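To start, the structure itself, in structure tokens.
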Amino acid sequence: MLVEAARHWAKIKANPEPYARRIMYTRNIDRWRSRRSKEISFESVPDYERGEDSSNDSDRRLVLQQALSRLTAKQRAVLILRFYEDQPESYTAAVLNCSAGTVKSQTRHALKRIRELAPDLLVDFEPHPASDRTAKP
């Protein structure tokens, strides 16, 4: 990746970060496409102990990993840039070479798909219904 960025350094030196992110994005898609024919079974992956990590957290990570693997490459990239790296829509759109509207719609579609694939995953993050707040003890 750094070799590619170095080749084009003269034209990207003013702002190399979006260029480097785009390289990482395309490399990830290339790797994903080459491994596409070899489906990985998550049951065959050994569960290693990680210190203070509880089994519930491990289960949630596996569920999230499975749900993310069923999204399109662009949807995964949008979710990672927007929520994991906490990047704004405009920056995400520049990295992915699309419009801010596409970023918004891909985010919406990806979150909807994750809710369908793993409804238990987002329970802690969903707002509680109004009836729960007004209930008296």
Of the residues that make up the range 100-108, is at least one of a type in the set (D, E, K, R) and either loosely packed, with under 10 Cβ neighbours inside 10 Å or at pLDDT 90 or above (or both)?
-> yes
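Looking at Ser41, Ser34, Ser54, Ser58 in this structure, which one is over 23 Å from Arg113 (Cα atoms) and either within 21 Å of the chain's Cα centre (by Cα) or modelled with pLDDT of 80 or more (or both)? Show your work before the answer.
Working: Ser41 fails: over 23 Å from Arg113 (Cα atoms); Ser54 fails: either within 21 Å of the chain's Cα centre (by Cα) or modelled with pLDDT of 80 or more (or both); Ser58 fails: over 23 Å from Arg113 (Cα atoms).
Unique residue meeting the criteria: Ser34.
I'd like the full set of residues that are over 18 Å from Leu96 (Cα atoms) and aliphatic (A, V, I, L, M), limited to the range 1-23.
Leu2, Val3, Ala6, Ala10, Ala14
Please work out which residue is surrounded by the fewest Cβ atoms within 10 Å (Cβ to Cβ), limiting yourself to the range 109-121 and to residues that are in a helix (DSSP H, G or I) and of a type outside the set (Lys, Arg). Give the derivation first.
Just the residues of the range 109-121 that are in a helix (DSSP H, G or I), to begin with: 109-117.
This time we only want the ones that are of a type outside the set (Lys, Arg), so: 109-111, 114, 116-117.
On the way: His109: 15, Ala110: 22, Leu111: 17, Ile114: 20, Glu116: 10, Leu117: 16.
Only one residue tops the list, namely Glu116.
Just for the range 61-94: of the residues that are aromatic (Phe, Trp, Tyr) and over 17 Å from Lys112 (Cα atoms), which one is farthest from the chain's Cα centre (by Cα)? Walk me through how you get there before you give the answer.
Our first condition is that a residue be aromatic (Phe, Trp, Tyr); within the range 61-94, this holds for 83-84, 91.
Now restrict to residues that are over 17 Å from Lys112 (Cα atoms): 84, 91.
On the way: Tyr84: 7, Tyr91: 15 Å.
Here the residue is Tyr91.
The values are calculated or read from the model by the stated rules, or taken from the named source; none is laboratory data. What you see is a predicted model, and the numbers here were worked out from it, not measured in a lab. Using ideal geometry, Cβ is built from the backbone for each residue, glycine included, and neighbour counts are taken over all protein chains shown.
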